[in-house]
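First the structure, in the form of structure tokens, and then the observations on it.
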């Protein structure tokens, strides 16, 4: 009973201290500012009757579930849909821009908040995405006999939700787990959780949707000209140091470099400009003179998943920190992918390496060797074809999932 007590004490304190914590700078402050007076606002909101409720923690999870939301609305337009978010990054980007009838911040997971929220929304069902397991929210929903599902779930032995009995109880409350792979299914079965179905990962469907959109970025076209383009996406300082050091020493005459930081804050962008010694242009201030530069810095959000289409090679950042970002956004366009050493938690990264469509680097020397390979047109194109084929061969999770969901929910 110690773990539930500690969890509920921590969430209660966070909830009570929201007015104070909202003064913090950065993301932490934004998280709490979005939750000032939130329960009162939600209880005064008219939710649609018996909606399907999707919960996505952040931008990646939202992108992952979006194909399911859109397909459900196509198949069952009579079912209203609401979406909740946890992270301020996705809420600020997507608020009122989703296909849902209503979207909102998820309150802090206290027993009182979640009992009142579940009673007010009265959902037909709730679909969580990938890693979302909220003890008090799932308890409140389970107590009201609301069926819960997990979209594109993936499990590893070291996850807290499997290691601690307090959290494993949460898994017992789910009606069905839609899983990315058989390894996750076998792992859950070992713990006596057998309500599983392997359907694949909806991210493959989402990146194919994005790649098919007829968007145009004249700035990127003008910057590339007739040269090949290395797109470095979702980069952090450790990634950028390797990229820029290599660029100074080995810059190929027929290539250009487009760096899109994960956090394009003014301070970060200014630092990047200084490190390029005037050789870079800003996307937001692009002009004819900037087109002569060899490096472009993406200083606005929302570019990356679209501009990979102009690339010839992708570097995906985050691998020298907590973990790499989305490699599929590049692979769908037939780009070989390079990333840092912290990729073990990402099955698609391991698969791309096994397919000969990606390479991991441990530092500057590795990157030099990889670039000797990928600046060879024949070797790069061969790897890119394998990347595209990998994505195409794993599409279809959305259709499978929505068919099952419709049958399941028609019984309700």
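The values are calculated or read from the model by the stated rules, or taken from the named source; none is laboratory data. Source: prediction; values computed, not measured. Methodologically, a virtual Cβ is constructed for each residue, glycine included, from the backbone with ideal geometry; neighbour enumeration extends over all protein chains shown.
Observations
- Residue check: residue 35 meets all listed conditions (1) in contact with a strand residue (DSSP E or B) (Cβ under 9 Å, 6 or more places away or on another chain); (2) loosely packed, with under 15 Cβ neighbours inside 10 Å but one, namely (2).
- Scanning the range 16-45 for residues that are closer than 20 Å to residue 118 by Cα and touching a helix residue (DSSP H, G or I) at 6+ places or on another chain (Cβ under 7 Å) returns 34, 35, 36, 39, 42, 43.
- Looking at the range 364-412, the helices (runs of 4 or more DSSP H) lying wholly inside it that each contain 1 or more residues that are closer than 21 Å to residue 253 by Cβ sit at 364-374, 377-392.
- When the criteria are applied in full, residue 133 fails the requirement of being in contact with a helix residue (DSSP H, G or I) (Cβ under 9 Å, 6 or more places away or on another chain) and either assigned to a strand (DSSP E or B) or without any contact (Cβ under 8 Å) to a residue 12 or more places away in the chain (or both).
A quick yes/no check of all residues on (1) in contact (Cβ under 8 Å) with a residue 24 or more places away in the chain; (2) over 22 Å from residue 394 (Cβ atoms); (3) not assigned by TED's automatic domain parsing to the domain that holds residue 362:
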| position | (1), (2), (3) |
| --- | --- |
| 257 | yes, yes, no |
| 270 | no, yes, no |
| 287 | no, yes, no |
| 309 | yes, no, no |
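- Residue satisfying all of: in the range 144-164; out of contact with any helix residue (DSSP H, G or I) (no Cβ under 8 Å at 6 or more places or on another chain) and not in a loop (DSSP other than H, G, I, E, B); surrounded by the fewest Cβ atoms within 10 Å (Cβ to Cβ) among these: 163
- Subset of the range 165-188 [part of a helix (DSSP H, G or I) and over 23 Å from residue 403 (Cβ atoms)]: 165, 166, 167, 168, 169, 170, 171, 172, 183, 186, 187
- Where residue 234 falls short, out of the listed (1) at negative phi; (2) within 21 Å of the chain's Cα centre (by Cα): (1)
- Index of the failed condition, residue 139 passing every other in (1) within 25 Å of the chain's Cα centre (by Cα); (2) part of a helix (DSSP H, G or I); (3) closer than 21 Å to residue 107 by Cα: (1)
- Within the range 341-356, the set of residues being out of contact with any strand residue (DSSP E or B) (no Cβ under 7 Å at 6 or more places or on another chain), in contact (Cβ under 8 Å) with a residue 24 or more places away in the chain and either buried (at least 19 other Cβ atoms within 10 Å of the Cβ) or not in a loop (DSSP other than H, G, I, E, B) (or both) comprises 347, 348, 351.
- Within the range 6-32, considering residues that are more than 20 Å from the chain's Cα centre (by Cα) and touching a residue at least 40 places away in the same chain (Cβ under 8 Å), the one farthest from residue 148 (Cα to Cα): 18
- Residues in the range 184-199 that are touching a residue at least 24 places away in the same chain (Cβ under 8 Å) and farther than 20 Å from residue 125 by Cα: 4 in all.
- Filtered residues of the range 177-197 (kept if over 21 Å from the mean Cα position of the chain (by Cα) and crowded, with 17+ Cβ neighbours inside 10 Å): 185, 187, 188, 193, 196
Residue-wise test of (1) at pLDDT below 95; (2) under 25 Å from residue 224 (Cα atoms); (3) within 18 Å of the chain's Cα centre (by Cα).
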| residue | (1), (2), (3) |
| --- | --- |
| 308 | no, yes, yes |
| 314 | no, yes, yes |
| 322 | yes, no, yes |
| 331 | no, yes, yes |
| 337 | no, yes, yes |
| 345 | yes, no, yes |
| 359 | no, yes, no |
| 378 | no, yes, no |
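- The range 320-338, residues that are on the phi > 0 side of the Ramachandran plot and touching a helix residue (DSSP H, G or I) at 6+ places or on another chain (Cβ under 7 Å): 334
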